[in-house]
1. Going by average Cβ density within 10 Å per residue, which order do the peptides 17-30, 54-67 take, highest to lowest?
2. At 10 °C and a viscosity of 1.306 mPa s, what translational diffusion coefficient does Stokes-Einstein give for the stretch 49-124, taking Rh as the Kirkwood radius over Cα pairs? Give it in µm²/s as a whole number.
Amino acid sequence: MTENSYSMAQGPKVWEKVPKRNPNFTGRNDLLTALRKSINTVTAVVAQPQALQGLGGVGKTQLAIEYAWQYRAHYEFVWWISADQPVLVPSALAAMGPALGLPPATGVEQATQAVLRTLEIPPN
């Protein structure tokens with residue numbers, strides 16, 4: 001996700017593949033707040049990626065989904081990439097290229113690398 005200074009009333013320009021919000025999600029406000037604070041921590045001018053870790057079935061994915069929905073107005077670009085099948089991650093990254101305004105690439109590897117380079121550029 002790329003954060004910007006959008007007003008709270010707006011949503012992201014790009015909102016792709018984010019799973020539906022769980023209407024039964026409750027609690028965990030402390031974890032959502034801690035995640036928000038961690039994401040807003042900037043090191044060397046660039047926000048640092050965050051990882052949720054824990055045993056399977058404890059709700060990491062649900063927490064990430066709820067975060068995306070709760071804080072969507074703070075971002076201009078939200079693209080959900082499932083990593084449960086790591087072999088599919090490069091093609092999911094490559095699919096972001098057109099949404100980022102990148103020129104067509106000749107293959108998945110080239111497109112993936114272009115997307116990663118673009119995502120590493122600090123926002124203005």
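We did not get these values from a lab; they are worked out from the coordinates using the rules stated. In this text the structure is predicted, and so the values were computed from the model without any measurement. Here the Cβ positions follow ideal geometry from the backbone for every residue, glycine too, while neighbour counts run over all protein chains shown.
1. On the way: 17-30: 10.7, 54-67: 13.6.
Order by mean packing, descending: 54-67, 17-30.
2. For these conditions, the coefficient is 112 µm²/s.
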